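One structure below.
The values are calculated or read from the model by the stated rules, or taken from the named source; none is laboratory data. As the structure is a prediction and not an experimental result, all values here were calculated from the model. Counting neighbours? That spans all protein chains shown, and the Cβs are built from the backbone with ideal geometry, glycine included. The area values use the complete protein model at the heavy-atom level, side chains included, leaving out ligands, DNA and RNA. Shrake-Rupley method; radii C 1.70, N 1.55, O 1.52, S 1.80 Å.
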Amino acid sequence: MSLTGTPFLYTTILLAVVALILPLVLWSRVRGPKPLRAALRVLMLLFAQVTAITLVFVVVNNSNNLYDNWADLLGTGNHVQQAANLGADGTGGIAYKKLPKVQQKFTPADGPGMHAAGGVKVTQLKGRVSGVNAEVYVWLPPQYNDPAYKNKKFPVVELLSGYPGSAKAWFGSLKVHEQLEPLMKSGQVAPFILVSPRTNLIAKIDTGCANIPGTVNADTWLSIDVPKMITDNFRAESAPDGWAAAGYSAGAHCAAKLAVAHPDRYRAAISLSGYNDPIGERNSLAAGSLELRRANNPYYILKNYRTPPKVSLYISGENGDGYQAGVALEQIAKPPTYVKVVFLPRSAGGHSMALWRPQVPTVFEWLTMEIGHGSSAGHTGTHTGSPITPRSPSTGGSTRAELASGTASRAGAARKP
């Protein structure tokens, strides 16, 4: 029985109801010695507690897409087949663009929201360069199958979930396709192909979207294997001009890092409540050493460019949860790098889907101007306007400089719920 399926939800509801009724019906009817009666009553109360907790967990999990299946929940899933040393560029010297095309088999995806707005497809991809074997979800814009667009190639946005988090979350909890479909039909948002690959590749740990020889090649999985599969199977624009990454929480860190590290693969990124230093996520593999932290910190990557990359970043966050990270990047960005920072008040929703879901239309309208049909205008890298400055800056126990540079402590840098 699927962890996120309707049958399991109904089963937990039924068990919770039964657990509530049992004490009401049987409490005074229990027979036998006093210790036995006491034990049976305690068991009934424990059964009620367990079923209630289980029901709450299932509802919360289905609402936030934290765990996609039993393996994710129990920590038994591992999607890394091998993790060779692929070098600084993550290719291992492989001319991946010249690899033969592989036609993937796609099936309709199941789960809350997956059948809405034309439906989401899913495939199991074996990464030929990264050594990762995991699922990838794809949603096609309404124009894709329109005969008028039969020769049209479409821009692509790679959607990255938080940790823990399911690749379904963008479609389930954030309802990205349901929100964007009418905007695409009206022309307010470009017809993007939306791609959501699994980012939680190793049980009970965040990969930090990093390449770590012998452990995982998450960067290569996201920036090489997944894009190669999409361009092989769909009418997708080529990188970098037609590609962007978007993420929330740990996925926001990944989106910014991928775009800044690979301007030859991405033109833009959206970061919702992210961070620069990988240590912002306590369970990140990329936080394992100072060397790894700096190699996967978009602030350091951007700062070390001799020639600024042509990449645009949209960064939104609350005080102490994404905002300062965006300001740090904005302050070192030089044309043609462009950074837009949006300050969100604490009343907007906290570190949750309630904060990120309403931002979907706005950030995709911005993205339309960057890589969609409005991209001809482009940016010169000059910020038009200043982000709102919070009245009482706070970085959760670390200064902005520490969080940006990678010298903050785990306790100080940890993201606040």
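For region 95-115, residues that are under 18 Å from residue 169 (Cα atoms) and modelled with pLDDT under 90 total 4. Exactly one residue among 137, 163 is at pLDDT 95 or above, under 16 Å from the mean Cα position of the chain (by Cα) and open to solvent by 10 Å² or more (accessible area, probe 1.4 Å), and that residue is 137.
Does region 248-266 contain any residue that is in contact with a helix residue (DSSP H, G or I) (Cβ under 7 Å, 6 or more places away or on another chain), assigned to a loop (DSSP other than H, G, I, E, B) and among the polar types (S, T, N, Q)? There is no residue in region 248-266 that is in contact with a helix residue (DSSP H, G or I) (Cβ under 7 Å, 6 or more places away or on another chain), assigned to a loop (DSSP other than H, G, I, E, B) and among the polar types (S, T, N, Q).
The set of residues from region 274-298 being of a type in the set (Asp, Glu) and open to solvent by less than 10 Å² (accessible area, probe 1.4 Å) comprises just one member, 277. Inclusion of residue 69 among residues that are touching a strand residue (DSSP E or B) at 6+ places or on another chain (Cβ under 8 Å) and either within 27 Å of residue 199 (Cβ to Cβ) or at pLDDT 90 or above (or both) is not warranted.
Taking every residue in region 211-223 that is part of a helix (DSSP H, G or I) and pairing it with any residue that is surrounded by 24 or more Cβ atoms within 10 Å (Cβ to Cβ) and among the hydroxyl-bearing types (Ser, Thr, Tyr), at least 6 positions away or on another chain, the pairs with Cβ-Cβ distances below 6 Å are 218/207; 220/130; 221/130. Among the residues of region 166-198, the one identified as hydroxyl-bearing (Ser, Thr, Tyr), under 27 Å from residue 58 (Cα atoms) and at pLDDT 95 or above is 196. Counting only residues that are buried (at least 24 other Cβ atoms within 10 Å of the Cβ) and under 19 Å from residue 211 (Cβ atoms), how many does region 262-273 have? The total comes to 2.
When residue 178 is tested against (1) over 12 Å from the mean Cα position of the chain (by Cα); (2) assigned to a loop (DSSP other than H, G, I, E, B), exactly one condition is not met: (2).
Yes or no, residue by residue, for (1) within 19 Å of residue 287 (Cβ to Cβ); (2) surrounded by fewer than 24 Cβ atoms within 10 Å (Cβ to Cβ):
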site: 185; (1), (2): no, yes
site: 192; (1), (2): no, no
site: 197; (1), (2): no, no
site: 201; (1), (2): yes, no
site: 206; (1), (2): yes, no
site: 212; (1), (2): yes, yes
site: 222; (1), (2): yes, no
site: 234; (1), (2): no, yes
